[in-house]
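Below: one structure, written as structure tokens.
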Amino acid sequence: MPIKGLTNEQAAMVQHIKLLKQQAGSHSPSLFTIKEQLPDLKMNIDACFLSNPYATDLFLRYFKNELLGDDLLIRDMLEFYPSQNNVIASSLANFLKVPADMLFIGNGAIEIIQAVIHNFTTEKIIVNIPTFSSYYEFVQPGVSIVFNKLKKENDYKLDVNDLLQLVNYEKPDTVVLINPNNPNGGYITKAEIAELLEGLKNVRTVLLDESFIHFAFENEAMELMSYADMVMKYPNVVTIKSMSKDFGIAGIRAGYAIMHPSRAKQLLENGFLWNSNGLAEYFFKLYVRDQFQKEYEVERKRYIRDTQEYFKNLSAIEGLKRYPSQANFALIELKTGITADDFAFGLLVKSGVYTRTCSDKIGLEGEFVRLASRSHDENEEIIKAIKEAL
Ligand SMILES: *Cc1c(COP(=O)(O)O)cnc(C)c1O
């Protein structure tokens, strides 16, 4: 069943995109691939990629004022090596209130996930599903993967006792916690994290991915949540943080991890010397500046408010269920009989709104689409397009 109001031509385009999707595997075909193959397609809004557009604007203002105007700075950035991993770590340490030797800088969080899993996971890994697929795709041959299936009747929220019971039974050497989780945005409260880490303290490695934590809040002031102090208390925890989503700078490739000094040392001795780049280094230096932080906080809270309004409007649409989320995206379940692929690609072709079909995500039962929150005006257009489609 296609979405409402598709022409025959548009229906053929939907079929074409379905083919591209099959070729792309577990990550969506990129906008570039789709545009290249379907030049007639008009893409207005990318509600697939999960970034704060206001933060990108903020970064771009600094980038233009401080870098683009200065040929010498740009030349240096291109001509010279960036700082070494541990030098960038030192510049972040104060700001994050952790010792520099516990910091590891990654060329995107993805690089850290790979490094950590390849180096510290040798037997068995427990991953909550649905999840960000890299966590099980990157495991080495011979490592067994155990899925903790989050329950649909629990809105895919992690149940602390369920996970701890499974861990007791399976005795893995690695457990993955993503907070808030991708693709559903399910949130583990600070109190639950404390309970989990206590219960997991005998597991060799606990990966805590906080790539979306800037969008979560537990009080009305929307104070920034942080679990860095947990790593100081539990030496088996590795906190992983991508900067791609909250700062809207995925192209720069910047992420960091906090881990026991012996682990950071082991990774640094195995490569990762100049794994950063000049632009990422510029970003990290900007990130710790007071003025930038002040301005970022304004944009972060503005974006959270817009996202909350968007969520409310999504919930009011008939024919879908919106799942609870503390991230900057929401999982919706389609209840009208349409498949996730037909919905997502139909919406793209008809309204130019690109959303993430979750038809390839393991651990979801039903037809699910993930919708990113964009700017206030774009969110309104997304809502309008969905109402027309269903
Ligand atoms: C996007 C994402 C990452 C990877 O981020 P990069 O820094 O762009 O490599 C890691 N973890 C989760 C949960 C993500 O959604």
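Identify, please: which residue in segment 250-265 is within 15 Å of the ligand (Cβ to nearest atom) and among the small types (Gly, Ala, Ser) and is, among those, nearest to Leu207 (Cα to Cα)? The extreme case among them is Ala257. Scanning segment 350-363 turns up no residue that is part of a helix (DSSP H, G or I) and without any contact (Cβ under 8 Å) to a residue 60 or more places away in the chain.
Within the set Asn85, Asn107, the sole residue that is in contact with a Phe, Trp or Tyr (Cβ under 6 Å, 6 or more places away or on another chain) and not hydroxyl-bearing (Ser, Thr, Tyr) turns out to be Asn85.
Cβ-Cβ contacts under 8 Å between residues 6 or more apart (or on different chains), taken from a first residue in segment 238-250 that is assigned to a loop (DSSP other than H, G, I, E, B) to a second residue that is of a type in the set (S, T, N, Q) and near the ligand (Cβ under 8 Å from one of its atoms), are listed as Ser244/Ser211; Lys245/Ser211; Asp246/Ser211.
One residue alone among Glu137, Glu170, Glu198, Glu153 is surrounded by fewer than 17 Cβ atoms within 10 Å (Cβ to Cβ) and within 16 Å of the ligand (Cβ to nearest atom), and that residue is Glu137. Within segment 201-233, the set of residues being among the small types (Gly, Ala, Ser) and either within 16 Å of the ligand (Cβ to nearest atom) or under 22 Å from Leu164 (Cα atoms) (or both) comprises Ser211, Ala216, Ala228. Here Lys301, Lys321 are screened, and the one residue that is surrounded by 15 or more Cβ atoms within 10 Å (Cβ to Cβ), touching a strand residue (DSSP E or B) at 6+ places or on another chain (Cβ under 9 Å) and outside any loop (DSSP other than H, G, I, E, B) is Lys321.
Could you tell me how many of the residues in segment 91-135 are closer than 16 Å to Glu281 by Cβ, touching a residue at least 12 places away in the same chain (Cβ under 8 Å), small (Gly, Ala, Ser) and not in a strand (DSSP E or B)? Final tally of qualifying residues: 3. Scanning segment 173-195 for residues that are in a loop (DSSP other than H, G, I, E, B) and within 16 Å of the ligand (Cβ to nearest atom) turns up Asn179, Pro180, Asn181, Asn182, Pro183, Asn184, Gly185, Gly186, Tyr187, Ile188. Looking at this structure, is Gly271 within 16 Å of the ligand (Cβ to nearest atom), farther than 28 Å from Glu192 by Cβ and in a loop (DSSP other than H, G, I, E, B)? For Gly271, the condition - within 16 Å of the ligand (Cβ to nearest atom), farther than 28 Å from Glu192 by Cβ and in a loop (DSSP other than H, G, I, E, B) - is not met.
Taken together, the values in this text are just the output of simple stated rules run on the coordinates, not laboratory data. All values derive from a computational prediction rather than experimental measurement. All Cβ positions, glycine included, derive from the backbone under ideal geometry; neighbour counts span all protein chains shown.
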